[in-house]
Amino acid sequence: MTQRFSLRGMATAAALALAITAPAQAQNMLLTAVDPAGSLNDNMNNKFIEELAARDSGVSVNYVNGGALGNGQQVLDQLSQGSVQGFGTVLDWFSSLEPDLQALSWGFTFRDSDHMRAFLASPLFDTMKQNIIDKADIRILAVAPTQARVMFAKKPIMSVEDVKGIKMRVPGIKSYVELWKAFGTEPTQVAWGEVYLALKTGVVEAAEGQPTNGFANRMHESGPHISMTNHVITGNVIAVNEGFWQSLDEKGRETVMAAAEAAVNYAAEESDAELQKTLDMIRESGGEVHEPDIESFRKAALAAVPTIEAEGLWKTGLIEEIQAIQ
């Protein structure tokens, strides 16, 4: 164990001791998000705040959204250190803390949202969550599936052949980089808030993300061809710093957990309702929505799994293990 994690562990132990000996009192939470106002994650976080207030949790929330505190990895560092106490985001970012989560960001790991829910309720995911607590003092409270990721491009993308050689914006998550290499693109890392301009100026020729989040980020304006590849089903997450969690009394933990579960489930329901609305607004603004040959993308993604697993991106056989979950 490194000194960094040892110090965090000492901080967590101290917070636990304080929670045991001190009377219950209001707790302050700095909650943040990297997505803009109006995005699925922003709406989820606002629902979390509403649920905390409605349940008389004793938690006072200061909410900072829109990536004002940095990108996903920078916020995770702050969450681990305890300078941020809450983070509402997508599950993908946590793969930097638990390598096996990289498999969830791979293409077509899940058949559908029900399959992902079964995984989220499995001992396999429980182990991954505990590893994140042990490594980084971050506790994932609740996760629920959300909109599948699609492409925003400057030209129609109808099959995997259409992306060969294009400059593709991907987040700074290794599994995404490797996935889009497997599809034949040139992955390019651009901050989420800069994707609109990167598409407009040709720094990248395509980007990917959830339709509603992409629309909130104006990606449809500079990448007006939306291809419904649905290549990754991700999950919305509410996570907290472990020291903050341990500082809560039993009632506080119960109410914060219940608020988190209500928020992610609200976001899951909203994501379904918002999808068609978002696609309609994209069409009304001059964008085009395409139904590509998804199977061509699926074959390319799954064909690359043996090579990726041999390189150790996640443990060998994990994709097969996840896909066996019913």
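Any idea which residue in region 283-319 is farthest from the chain's Cα centre (by Cα), counting only those that are in a helix (DSSP H, G or I) and over 17 Å from residue 179 (Cα atoms)?
Residue satisfying both the conditions and the ranking: 284.
Of (1) surrounded by fewer than 21 Cβ atoms within 10 Å (Cβ to Cβ); (2) in contact with a Pro (Cβ under 9 Å, 6 or more places away or on another chain); (3) within 16 Å of residue 32 (Cβ to Cβ), residue 117 satisfies all except one. Which?
Against the list (1) surrounded by fewer than 21 Cβ atoms within 10 Å (Cβ to Cβ); (2) in contact with a Pro (Cβ under 9 Å, 6 or more places away or on another chain); (3) within 16 Å of residue 32 (Cβ to Cβ), residue 117 comes up short only on (3).
I'd like to know if region 8-16 contains one or more residues that are in contact with a Gly (Cβ under 7 Å, 6 or more places away or on another chain) and modelled with pLDDT of 50 or more.
No: region 8-16 contains no residue that is in contact with a Gly (Cβ under 7 Å, 6 or more places away or on another chain) and modelled with pLDDT of 50 or more.
Looking at region 231-258 only, could you name the residues that are outside any helix (DSSP H, G or I) and within 20 Å of residue 89 (Cβ to Cβ)?
If the condition is that a residue be outside any helix (DSSP H, G or I) and within 20 Å of residue 89 (Cβ to Cβ), then 231, 232, 233, 234, 235, 236, 237, 238, 239, 240, 241 are the ones that fit.
Determine whether residue 108 is outside the structural domain of residue 291 (by TED's automatic domain parsing), touching a helix residue (DSSP H, G or I) at 6+ places or on another chain (Cβ under 8 Å), free of Cβ contacts under 8 Å to residues at least 40 places away in the same chain and over 20 Å from residue 45 (Cα atoms).
No.
Would a scan of region 240-256 turn up a residue that is surrounded by 16 or more Cβ atoms within 10 Å (Cβ to Cβ), free of Cβ contacts under 8 Å to residues at least 24 places away in the same chain and closer than 19 Å to residue 48 by Cα?
Scanning region 240-256 turns up at least one residue that is surrounded by 16 or more Cβ atoms within 10 Å (Cβ to Cβ), free of Cβ contacts under 8 Å to residues at least 24 places away in the same chain and closer than 19 Å to residue 48 by Cα.
Could you tell me whether any residue of region 297-305 is surrounded by fewer than 16 Cβ atoms within 10 Å (Cβ to Cβ) and under 21 Å from residue 112 (Cα atoms)?
Yes, that holds for at least one residue.
Can you find even one residue in region 30-39 that is part of a loop (DSSP other than H, G, I, E, B), of a type in the set (A, V, I, L, M, F, W, C) and surrounded by fewer than 23 Cβ atoms within 10 Å (Cβ to Cβ)?
Yes: one or more hits.
Scan region 40-75 for residues that are in contact (Cβ under 8 Å) with a residue 40 or more places away in the chain, closer than 18 Å to residue 244 by Cβ, outside any helix (DSSP H, G or I) and of a type outside the set (D, E, K, R) and jot them down.
57, 58, 59, listed by residue number.
Which members of region 130-186 meet the condition of being within 30 Å of residue 86 (Cβ to Cβ) and of a type in the set (Phe, Trp, Tyr)?
Answer for region 130-186, where residues must be within 30 Å of residue 86 (Cβ to Cβ) and of a type in the set (Phe, Trp, Tyr): 152, 176.
Determine, yes or no, whether residue 261 is within 19 Å of residue 44 (Cα to Cα), among the charged types (D, E, K, R), in contact (Cβ under 8 Å) with a residue 60 or more places away in the chain and not in a strand (DSSP E or B).
yes
Enumerate the pairs (first residue in region 268-281 and closer than 17 Å to residue 225 by Cα; second residue anywhere and of a type in the set (Phe, Trp, Tyr) and buried (at least 19 other Cβ atoms within 10 Å of the Cβ)) with beta-carbon separation below 8 Å, excluding pairs fewer than 6 apart on the same chain, so at least 6 apart or on different chains.
278/215; 281/215
The values are calculated or read from the model by the stated rules, or taken from the named source; none is laboratory data. On a predicted model such as this, the values are computed, not experimentally measured, just so you know. We place every Cβ from the backbone using ideal geometry, glycine too, and count neighbours over all the protein chains shown.
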